[in-house]
Amino acid sequence: MLGDLKYGFRQLRRSPAFAITAVLTLALGIGANTAIFSLVDSVMLRPLPYARQDRLMQISGYFPKGWIRGLQRHAGSFESIAGYSPNAESNVAEADTSERVFGADVMVNAFDALGIHPELGRFFTPDEARSSQDKVVVLSDGYWRQHFAGNPSVVGQTIRIDGVYRQIIGVMPAGIHFPYSDTQFVVPVSFKGGDPIDPWNHFGLQAFGRLKDGVTPAQAQAELRRLHPLLLPLFPWTMPDAWEADTTVVPLLNSIVGDTRPRFLLLFAAVGLILLIACANVANLMLARAAGREREMAIRGALGATGSRLIRQLLAESVLVGAMAGVVGLMAAGVSLQALVRLLPADTPRLGDLTLRWDVFLFAAAVSVLTGVLFGLVPAVRMASPKLRDALQSGSRSVAGRASQFRIAMLLVVGQIGLSVVVITGAGLMLHSLYSLSRVDPGFQTDRIVTAEVSLDATACGTKGQSGAPLAAGGHCQAFFQSLLDRMRGVAGVENVALVDALPMSGWDLNYIYDAEGHPRDPRQPAKQGTGRTVSPDYFGTLGLRLVQGRLLTDADASGASRAAVINQKMAKALWPNQDPIGKHIIEVAEEKSPAAIDPNVSSIVVGVVSNTHHDALSGGFDDEVYLPLTAKNEKPVMYVVMRTRVGATQTAEGLRRAVASIDPQVPVTRVRTLNEVVAASASAPRSLTILLLGFGALAVVIGAVGVYSLIAYIVSWRTREIGIRLALGAQRWNIVRGVVGQSLVLAASGSALGLIAAGVSTRLLHSFLFEVSPLDPVTFCGVPVLMLLLALAAAWLPARRAASVDPMEALRNE
C-alpha cells in the first residue's frame, strides 16, 4: 500500500492541474461538512460536564418553590430534584460604578444533583435556604478570573448585587456554565420561615432532577403525572386542574439544545449533498483522466497485473486525493468556525464551546477516506478492465469518437445538477420566506428610534428614596424615571422620549394574567393570559401606535387614582365583541390563583384601545396586550428608554448616559440599539439559516457548473478531429456551437427535472421553517431551473467557442 501511495503521488505530481482542481473541489465539500459537524458535535452531541449526565432530566414547566419541594418529597423516580430561576441581569457594584451581570437563583441542592464540586471554597448548605442566611453567592470560573484575577483569597470577600451585600463562598469549576451559558453567579433560593404563602407566590422556577438507576424518563414522567392531582391541594388556594398537568421529562441535554436541532440537521443534510456533488465532480475528472491512462493500464495488465491489483492502485490514488483534500478542508473548517459563531444567533445554546476537537478530526479523516473511495471506485473499475487490443491501438482515435466513453460521465453530471437543484431550491424557499417576513409590519414605527436599558438595583423600588429615607408606599423608581424623562426632553436631537418595561420584539415579555368583566370563570379553570407593559404616556406617540377608541394614558394617570389601562384591538374584540370596551374592568390575577372579583373600586378601567403590535416575533400573531401607567404601585427597577431622535444612536446614547449620571452615577445604561436592530435581531434565527443555505447553495451551483464545463470541454477536446473533418466538409461553425451548447442544455434540463422531483419531496421537510411560503412555491420551482440553464449556457460557452475555432487542416494533420 505504501508503494501504491508513492506511485499515486508521483502520478498526481505529473498532473498538477488535475490534482489542484480535484483537491480544492473536494476540500470545499469536506470543509463544509467538517464545520457543520463541529457545530452539531459541540451543541448536540458533546456530553454535559456533569457526573453521569445521561441520568439528568429536565422537568418541563414553571413552578413555585413549594411545588418543587413537594416533588422532592414524593417523586420516587428521582435521586434528587432541584430548581433554578430564569437567567436575569443584576447590578453588581464595583467601586463607584455598577455593571449588568447575568445571574440566577438555584435551590441549595442543585450542585449536588449535578454531581459537581467547587473549584474553590464550597457550595450552598441546607441552612442557606433560609431567608435570614441566604446572603451568599457562588461565582463562575470566568467571572472569578476576569474580575478577581483568579485570586484564591476571593472566598470570604463580599460584593454588592442589586443593593444586597453577599459573601463569596465558592467558585464553580472551569467549563461549568449553570444554569445558562452566560450565568456569572448564582445565589440560593430561600424560604421565609413561618410564612405559608411564601413557597407558592412566585411561579418562576424550572426543575430538573437525577433519575435513579433503572428508571426511564417515561416512567418518571408517568409518576409525575400521577402525583399531579395529589400535590395540587398543597397550594393555599384552589388551582386549575390543567395547570402543568402535562409535565414532560426529557434528558437535560435535549432541553438545552431545544429547537436548534432541526436547523442543524437541515444544515448537515445540505452539506452532505454538497459533498456528494463534489464527489461526482471529481469522479468525472478521474474518468476524463482515465482515457489518457488506458494504454498504461492495458500494458500493466498484459505484464500480469490482475484487475484487483489495478483497482487497489487506482483507489490508493483517489484516497490520496481525498486525504489531501481532507487536510485542506480541515484548515478551511477551522477558519470558518469564527464566521459561524458571528453568523449564528447569540442565543444558540453551547455556542461558546464550538471548537475542533479530536472527534471532529476523526470525522474529517473518515470523510476524506470515504470520499476517496466513493469518487474513485467507478473510474478504478472502468480503468482496471480495459479492452486490451483497443487500448493498445488507441493511438489512432476513431473519427466518430466513442459515445460510451461519456455515458457514465454524463450521468454523473446530471446527478450533480439534480443535487444542486435540491440544495438551491431549499435555499430559494428560505430566501422567499425571509423576504416575506421582512415585509411584515410590526405595528409600530422603527425609523430614527434608539432604545437603551436603564437599570436600578432590584431592591430600589418601594424601599428607600434618594435620601435614604424609607418609602413605605414606594415611588423611588417612579421618581427616578420621571426625572430622567424630564432631563431627556432637553437633550439636543431628541424629539420624543418614553419608557417601557419590556421592549417589543426583544424576546422578553411580561405575562399579564387577568380576569375580565363579563367573563366569570370556574376556580379550576386557568385565567386569561396576555402581555402587560408598563409605559409612560408618550410611549404611544413615540412608536406611532394608532388610537382606535377612547383615550391614551396621560401624566395624570401616574398617580394611580384613575386605575387607567389601555388595551389593543385584538383583546377588545376577543373580550367584548360588538360592545364598547371603554369603561370595562379587568383585574390582574397573581400568577394562577383563584378568580378575582371584578370590584369597580380596585379593578383597572379600560380607557382606550390602540392598534395591534407584534410583541414577540414577526412570524407570530397578535396577543392580548395591556398598557399600564408607571405608578408607585407598579414601578419597575429596569426600564427601557425609547427615543425618537434626529441625530445618530451614538450621540443619543451619550446624552442619555449624561442624564442618568446626573441623577445617579451608579446606574448602568446598557443595550443601546436602534429599534430597527431590535426587530432585525428577532429574525436572527431564520436569517442565519437562510444565509448559510444560500452559501451552500451557491457552493453547490459553482461545483455543478464546473462539472458541466469540465465534461463539455473534455468532449470538445475528444471530438476535435471529428469537428475538424465536419468543418472541412462544409459544416457551419454556428452549427458546431449550437451542438455543443445544446448538449450542455440537455444535461442541465435533465438534471433540473430530476432535481425538481427530489426537491418536491424533500422541501416538505422545510414547512416548519417557512413563513407564508409554500414548500412547493411556484416562484422558486420555476426560477431554479432557469438559473441552472443559464449556468449551463455560461459553462458551455467557452468550449463551444473553442470548438467553433478549430482549424480543419491542423486537426487533420494531428491524425
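In a residue-by-residue description of the stretch 39-56, the property of being of a type outside the set (S, T, N, Q), crowded, with 16+ Cβ neighbours inside 10 Å, at positive phi and modelled with pLDDT of 90 or more applies to no position. Screening the stretch 87-106 for residues that are open to solvent by 10 Å² or more (accessible area, probe 1.4 Å) and within 30 Å of LEU211 (Cα to Cα) and picking the one that is nearest to the chain's Cα centre (by Cα) gives ASN87.
Residues that are without any contact (Cβ under 8 Å) to a residue 40 or more places away in the chain and within 30 Å of ILE256 (Cα to Cα) occur in the stretch 340-350; there is at least one. Could you check, for the stretch 9-20, whether at least one of its residues is touching an Asp or Glu at 6+ places or on another chain (Cβ under 8 Å) and open to solvent by less than 70 Å² (accessible area, probe 1.4 Å)? Yes, the stretch 9-20 contains at least one residue that is touching an Asp or Glu at 6+ places or on another chain (Cβ under 8 Å) and open to solvent by less than 70 Å² (accessible area, probe 1.4 Å). For the stretch 503-528, the candidate set comprises residues that are of a type in the set (A, V, I, L, M), touching a residue at least 60 places away in the same chain (Cβ under 8 Å) and not in a loop (DSSP other than H, G, I, E, B); within that set, the residue that is surrounded by the fewest Cβ atoms within 10 Å (Cβ to Cβ) is ILE513.
Considering VAL450, VAL422, the condition of being at pLDDT 90 or above and not in a helix (DSSP H, G or I) is satisfied by VAL450 alone. Selection over the stretch 556-570 of residues that are under 18 Å from PRO629 (Cα atoms), within 42 Å of the chain's Cα centre (by Cα) and either among the aliphatic types (A, V, I, L, M) or not in a loop (DSSP other than H, G, I, E, B) (or both) gives a count of 7.
Per-residue answers, yes or no, for (1) over 49 Å from the mean Cα position of the chain (by Cα); (2) within 30 Å of ALA35 (Cβ to Cβ); (3) at pLDDT 75 or above; (4) open to solvent by 60 Å² or more (accessible area, probe 1.4 Å):
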| residue | (1), (2), (3), (4) |
| --- | --- |
| ARG289 | no, yes, no, no |
| GLU294 | yes, no, no, no |
| LEU303 | yes, no, yes, yes |
| THR306 | yes, no, no, yes |
| ILE311 | no, no, yes, no |
| ALA316 | no, yes, yes, no |
| GLY322 | no, yes, yes, no |
| MET331 | no, yes, yes, yes |
| GLY334 | no, yes, yes, no |
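Please work out if ARG295 is part of a helix (DSSP H, G or I) and without any contact (Cβ under 8 Å) to a residue 60 or more places away in the chain. Considered against the rule, which asks whether it is part of a helix (DSSP H, G or I) and without any contact (Cβ under 8 Å) to a residue 60 or more places away in the chain, ARG295 comes out as no.
When GLY156 is tested against (1) of a type in the set (Gly, Ala, Ser); (2) closer than 27 Å to VAL667 by Cβ; (3) open to solvent by 20 Å² or more (accessible area, probe 1.4 Å), only condition (2) is not met.
Condition check for VAL497 on (1) at pLDDT 90 or above; (2) more than 34 Å from the chain's Cα centre (by Cα); (3) of a type outside the set (Ser, Thr, Tyr): one failure, at (2). For beta carbons closer than 6 Å, sequence separation of 6+ or different chains, a first residue in the stretch 628-647 that is under 15 Å from ASN676 (Cα atoms) and a second that is assigned to a strand (DSSP E or B) and open to solvent by 30 Å² or more (accessible area, probe 1.4 Å), the qualifying pairs are ARG644/GLU495; ARG644/ASN496. Output the residue which, of all residues in the stretch 790-808 that are exposed (fewer than 14 other Cβ atoms within 10 Å of the Cβ) and outside any helix (DSSP H, G or I), is modelled with the highest pLDDT. The qualifying residue modelled with the highest pLDDT is SER805. If you filter the stretch 352-395 down to residues that are at pLDDT 70 or above and in a loop (DSSP other than H, G, I, E, B), you find that the one that is nearest to the chain's Cα centre (by Cα) is LEU354.
Can you confirm whether VAL602 is aliphatic (A, V, I, L, M) and crowded, with 21+ Cβ neighbours inside 10 Å? Lay out the reasoning, then the answer.
Numbers: aliphatic (A, V, I, L, M): yes; crowded, with 21+ Cβ neighbours inside 10 Å: no.
Criteria not met by VAL602.
Here GLY541 does not qualify as within 31 Å of the chain's Cα centre (by Cα) and closer than 23 Å to GLN445 by Cα. The set of residues in the stretch 30-64 being in a helix (DSSP H, G or I) and more than 20 Å from VAL341 (Cα to Cα) consists of GLN53, ASP54, ARG55. Only one entry of VAL638, VAL626 meets the criterion of being under 21 Å from GLY475 (Cα atoms) and either modelled with pLDDT under 90 or under 31 Å from the mean Cα position of the chain (by Cα) (or both), and that entry is VAL638.
Kindly indicate whether any position in the stretch 168-188 is under 24 Å from ALA93 (Cβ atoms) and of a type in the set (Asp, Glu). Yes; the residues of the stretch 168-188 include at least one that is under 24 Å from ALA93 (Cβ atoms) and of a type in the set (Asp, Glu).
Here ARG657 passes the criteria (1) open to solvent by 40 Å² or more (accessible area, probe 1.4 Å); (2) touching a residue at least 40 places away in the same chain (Cβ under 8 Å) except the one numbered (2).
Residue-wise test of (1) free of Cβ contacts under 8 Å to residues at least 24 places away in the same chain; (2) open to solvent by less than 80 Å² (accessible area, probe 1.4 Å); (3) touching a Ser or Thr at 6+ places or on another chain (Cβ under 8 Å).
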residue	(1), (2), (3)
GLY730	yes, yes, no
VAL746	yes, no, no
GLY755	no, yes, yes
ALA759	no, yes, yes
GLU772	no, no, yes
ASP777	no, yes, no
GLY783	no, yes, no
MET788	no, yes, yes
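The sole residue among GLY83, GLY70, GLY76, GLY29 that is touching a residue at least 60 places away in the same chain (Cβ under 8 Å) and open to solvent by 10 Å² or more (accessible area, probe 1.4 Å) is GLY76. For the stretch 708-716, the condition of being surrounded by fewer than 19 Cβ atoms within 10 Å (Cβ to Cβ), more than 30 Å from ALA93 (Cβ to Cβ) and hydroxyl-bearing (Ser, Thr, Tyr) holds for none of the residues. Taken over the stretch 761-805, the residue count meeting the criterion of being closer than 30 Å to TRP734 by Cα and hydroxyl-bearing (Ser, Thr, Tyr) is 1.
The values are calculated or read from the model by the stated rules, or taken from the named source; none is laboratory data. Computed from a prediction, not measured in an experiment: that's the story for all the values here. All Cβ positions, glycine included, derive from the backbone under ideal geometry; neighbour counts span all protein chains shown. Quick note on the areas: whole protein, heavy atoms, side chains included, nothing else; ligands and nucleic acids left out. Shrake-Rupley method; radii C 1.70, N 1.55, O 1.52, S 1.80 Å.
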